[in-house]
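The values are calculated or read from the model by the stated rules, or taken from the named source; none is laboratory data. The structure displayed is predicted, hence computed values, not measured ones. As a convention, Cβ positions derive from the backbone with ideal geometry for all residues, glycine included, and neighbour counts pool all protein chains shown.
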Amino acid sequence: MRANDGSRTGGQILVDQLVIHGVRHVFCVPGESYLAALDAFHDTDIALTICRHESAAAIMAEAVGKTTGCPGICFVTRGPGATNASAGIHIARQDSSPMIVFVGQVGRHMRDREAFQELDYRAVFGPSIAKWATEIDDPARIPELVSRAFHTACNGRPGPVVIAVPEDMLVERAMVPDAAPFEPVEIWPGRTDMIRLQKLLCAAERPIVLAGGSRWSEQASATLMRFAKEFALPVATSFRRAHLFDALHDCYAGNLGIGPNPKLLARVKGADLVLLIGGRMSEMPSQNYTVFDIPEPKMKLVHVHSGAEELGRVYHPHLAINASPPAFCSALGELQPPHEILWKGEADVAHADYIAWSEKATPVPGAVNLGEIVVWLRENLPRDAILANGAGNFAAWVDRFYRFRKFATQVGPTSGSMGYGFPAALAMKILHPDRVVVCITGDGDFLMTGQDFATAVQYELPVIVVLADNGLYGTIRMHQEREYPGRVIASTLKNPDFVAYAKAFGGFGVLVENTAEFPDAFAAAQRSSKPSIIHLKVDPEAITPTATLSGIREKSLAGGSNNTTHRS
């Protein structure tokens with residue numbers, strides 16, 4: 001209840017700030033440590049999604065931040081609630097996603113006594129996981145600190161913010177004006193930067209563009225595609241950022257992620273100019289930091305990033321441009337292509353290489369070919385369908401054979417966090433109820449957060465889960481066979497009946513034991529209008545699109561090297 005004197009509880013002030021900053025969705029697991037904030041949601045139009053585990057709630061918030069550019073919001077209780085949420089917070093850190101997590105805290109009078117479930121959240125989350133971690137002691141400072149949290153989460157290199165809110169502070173009353181709505185700060189490239197880039201392009205013979213990272217917009221993506229067409233430039237996307245560039249655009253060269261097309265990898269290594277926009281070229285796209293020499297790349301590197309601290313952090317760029325992708329892509333319109341494009345035709349070759357690499361599913365052992373299923377999905381799903389995935393070798397088939405055509409239709413963790421795909425898919429269905437949302441997952445991956453199938457049923461979110469079940473932690477088994485052939489341990493799984501699992505929660509389930517059964521199974525899942533699991537029985541030998549477990553083992557025993565580098 002709001003007081004007649006104009007004062008508000010800390011919980012009311014907090015939730016009022018969320019409304020002012022444009023929040024429409026909040027994900028949580030309820031806790032007694034923030035009851036006053038929960039009560040304040042009762043008087044707002046914010047949609048509150050109650051999850052079954054804090055990791056799922058945090059991942060759902062991260063997925064919102066990743067795809068919208070505005071902070072995803074998560075509320076969890078103190079102690080175990082906060083540590084359960086740490087998986088999603090870490091994903092937001094490595095994926096550069098804006099996110100704010102509010103954590104209930106013990107009363108201020110009990111601090112530093114190791115009270116029930118007490119933690120020091122500044123120490124737990126900052127600075128290695130969260131971009132900023134703090135605690136609010138005074139309800140009068142809530143507008144100030146929440147405003148700062150939104151700006152911190154979004155500006156520069158985006159990331160997660162963690163705010164602890166003591167339970168007694170949330171019931172204390174204060175009279176304080178609200179903060180103004182936040183606005184992200186775009187960072188524009190200087191004119192001198194663009195002139196230098198023009199000169200570098202005019203002198204180049206083998207240039208390539210790499211698009212990655214966050215802070216992109218649909219308009220920025222479209223602008224980059226027009227620029228690439230005008231300059232006849234090959235463009236590749238980095239790990240799990242394939243949605244930044246239409247896969248059927250004439251200039252698209254493919255995805256530089258795990259197990260990339262060898263021809264694309266050779267093209268990047270052989271370039272004399274690399275224009276890296278938005279990404280960090282971290283371990284996965286850099287192929288374990290082997291694409292560029294550190295700290296001095298052999299080719300000329302132009303690195304564009306919204307976080308000044310990232311420029312020169314690992315690679316010393318020939319030209320560093322501190323700018324957000326939307327601002328930089330807008331400035332690209334000022335550039336003019338050379339009178340004579342020395343690399344003319346290279347984009348066509350690069351695109352043809354990509355099409356050939358991704359066109360047809362590779363043969364694999366067993367009756368279910370995940371590659372053929374992914375090809376079927378790419379040919380039958382609408383262009384605006386959203387695919388979410390977690391981590392595991394199953395994702396290699398998505399990376400290679402699916403063709404993302406529209407912005408923000410790929411939602412996956414660059415951090416390689418298992419359990420990500422399903423909660424992310426639920427968040428996408430909440431944001432886009434009229435679009436098809438598919439989660440492609442593995443058996444081990446799904447069961448990290450599979451309890452939130454109950455959340456899907458509760459909120460009637462008809463996400464379709466395509467679950468590849470090989471009875472393994474497949475990535476780990478693959479690495480075991482490569483590094484310790486024949487010495488198998490701790491990677492075999494005994495799984496439930498996933499069809500029965502779906503039905504037990506009130507959803508739809510169907511078993512697929514042969515590739516040809518998949519189209520009918522998918523149609524049945526859609527007709528059900530329920531959260532669905534399509535259970536694929538996959539041969540454990542089919543460990544990647546190009547390798548088998550026995551083949552990896554035999555090569556390792558023979559003393560040969562393996563090129564298989566897939567990781568969770």
Quiz item: For segment 57-74, does any single residue satisfy the condition of being modelled with pLDDT under 95, farther than 13 Å from ALA153 by Cα and surrounded by 16 or more Cβ atoms within 10 Å (Cβ to Cβ)?
Solution: no
Quiz item: Does segment 185-204 contain at least one residue that is in contact (Cβ under 8 Å) with a residue 40 or more places away in the chain, under 26 Å from the mean Cα position of the chain (by Cα) and in a strand (DSSP E or B)?
Solution: no
Quiz item: Being under 14 Å from the mean Cα position of the chain (by Cα), within 20 Å of ILE373 (Cβ to Cβ) and among the polar types (S, T, N, Q), is that true of even one residue in segment 436-446?
Solution: no
Exercise. Collect the residues in segment 266-291 that are of a type in the set (D, E, K, R) and closer than 19 Å to CYS329 by Cα, keeping them in residue-number order.
Key: ARG280
Quiz item: Is there a residue in segment 286-299 that is within 26 Å of PRO184 (Cα to Cα), crowded, with 16+ Cβ neighbours inside 10 Å and modelled with pLDDT of 95 or more?
Solution: no
Quiz item: Which condition number in (1) of a type in the set (A, V, I, L, M, F, W, C); (2) farther than 27 Å from PRO184 by Cβ; (3) surrounded by fewer than 20 Cβ atoms within 10 Å (Cβ to Cβ) is the one that ALA320 fails?
Solution: (2)
Quiz item: Residues that are of a type in the set (Val, Ile, Thr) and in contact with a helix residue (DSSP H, G or I) (Cβ under 7 Å, 6 or more places away or on another chain): which helices (runs of 4 or more DSSP H) entirely in segment 340-449 hold 1 or more of them?
Solution: 370-380, 395-401
Quiz item: Hey, does segment 467-481 have a residue that's over 28 Å from the mean Cα position of the chain (by Cα) and touching a residue at least 60 places away in the same chain (Cβ under 8 Å)?
Solution: yes
Quiz prompt | Qualifying residues in segment 300-313 (those that are under 15 Å from ALA211 (Cβ atoms) and either under 23 Å from the mean Cα position of the chain (by Cα) or of a type in the set (D, E, K, R) (or both)) - the one surrounded by the most Cβ atoms within 10 Å (Cβ to Cβ) | solution = HIS305
Quiz prompt | Check on THR237, assigned to a loop (DSSP other than H, G, I, E, B), under 24 Å from the mean Cα position of the chain (by Cα), without any contact (Cβ under 8 Å) to a residue 40 or more places away in the chain and more than 21 Å from GLU309 (Cα to Cα) | solution = no
Exercise. Scan the helices (runs of 4 or more DSSP H) fully inside segment 93-173 and keep the ones with 2 or more residues being among the aliphatic types (A, V, I, L, M) and surrounded by fewer than 23 Cβ atoms within 10 Å (Cβ to Cβ).
Key: 121-125
Quiz item: Looking at (1) without any contact (Cβ under 8 Å) to a residue 60 or more places away in the chain; (2) within 19 Å of ARG267 (Cβ to Cβ); (3) aliphatic (A, V, I, L, M), which is the one condition that is false for ALA320?
Solution: (2)
Practice problem: State which residue pairs qualify: first residue more than 16 Å from GLY257 (Cβ to Cβ) and inside segment 383-395, second residue charged (D, E, K, R) in any location, beta carbons under 8 Å apart, and separation of 6 or more residues or different chains. | Solution: ARG383/ARG405; ARG383/LYS406; ASP384/LYS406; ASP384/ARG435; ALA385/ARG435; ILE386/ARG435
Practice problem: Looking only at segment 40-48, decide whether some residue is in contact with a Gly (Cβ under 8 Å, 6 or more places away or on another chain), assigned to a helix (DSSP H, G or I) and either assigned by TED's automatic domain parsing to the domain that holds VAL162 or modelled with pLDDT under 95 (or both). | Solution: yes
Quiz item: When you go through (1) out of contact with any Phe, Trp or Tyr (no Cβ under 7 Å at 6 or more places or on another chain); (2) within 21 Å of PRO143 (Cβ to Cβ) one by one for PHE27, which number turns out not to apply?
Solution: (2)
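So that you can scan it fast, the table gives a plain yes or no per residue for (1) in a helix (DSSP H, G or I); (2) at negative phi; (3) acidic (Asp, Glu):
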{"site": "VAL466", "(1), (2), (3)": "no, yes, no"}
{"site": "ILE476", "(1), (2), (3)": "yes, yes, no"}
{"site": "GLU481", "(1), (2), (3)": "yes, yes, yes"}
{"site": "VAL488", "(1), (2), (3)": "no, yes, no"}
{"site": "ASN495", "(1), (2), (3)": "no, yes, no"}
{"site": "VAL499", "(1), (2), (3)": "yes, yes, no"}
{"site": "PHE518", "(1), (2), (3)": "yes, yes, no"}
Practice problem: Test ALA253 against the stated conditions and say whether it is in contact with a Phe, Trp or Tyr (Cβ under 6 Å, 6 or more places away or on another chain) and surrounded by fewer than 24 Cβ atoms within 10 Å (Cβ to Cβ). | Solution: no
